[in-house]
Amino acid sequence: MNINTDSMVSITEANQNFSRVARLVDKTGSAVILKNNVPRYLVIDFRQAEQERQAPDEDVRAISRRLILQNREAYGELAK
């Protein structure tokens with residue numbers, strides 16, 4: 001996962017000024033909250049979370065086809 005360093009906020013600052021975190025999410029799509037200078041929490045727009053939660057059926061089918069083709073020999077052995 002790539003993290004935009006402009007959207008990183010310390011946990012202290014997030015606690016004291018959460019509206020800044022919300023504005024960062026509105027502007028950049030996400031905000032990373034650091035605890036002890038380590039990325040710990042990710043705040044994203046709720047609509048983005050809903051979109052990422054479910055993969056479209058065609059994506060799942062395409063991934064399944066690709067995995068079957070890549071592992072055809074293994075599936076053949078398992079079918080025996």
- Note on the structure: Residues other than Ala79 with Cβ under 15 Å of its Cβ, Lys/Arg counted +1 and Asp/Glu -1, net out at 0
- Correct option for semi-axes √(5λ) of the Cα gyration tensor in Å [calculated from the coordinates] among (1) 33, 25, 6; (2) 41, 15, 9; (3) 17, 15, 12: (2)
- What is segment 1-43 by shape, rounded, prolate or oblate, if you read a ≥ b ≥ c off the alpha carbon gyration tensor as root eigenvalues and call it rounded for a/c under 1.5, prolate for a/b larger than b/c, and oblate otherwise? oblate
- Query: Where the accessible area of the chain is counted over protein heavy atoms with a 1.4 Å probe, how much of it, in %, is carbon and sulfur?
  - Reply: 50 percent
- What accessible area per residue, rounded to a whole number of Å², is obtained for the chain using a probe radius of 1.4 Å? 85 Å²
- Task: Tell me what the chain gives for mean residue ellipticity at 222 nm when only DSSP H runs of n ≥ 4 count, each as -39,500 (n - 2.57), the sum divided by the residue total, rounded to 500 deg cm²/dmol.
- Result: -17000 deg cm²/dmol
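The values are calculated or read from the model by the stated rules, or taken from the named source; none is laboratory data. Keep in mind that this is a model prediction, so the values were computed, not measured. Cβ sites come from the backbone with ideal geometry, for glycine too, and all protein chains shown count toward neighbours. These accessible areas exclude ligands, DNA and RNA; they are computed on the full protein's heavy atoms, side chains included. Shrake-Rupley method; radii C 1.70, N 1.55, O 1.52, S 1.80 Å.
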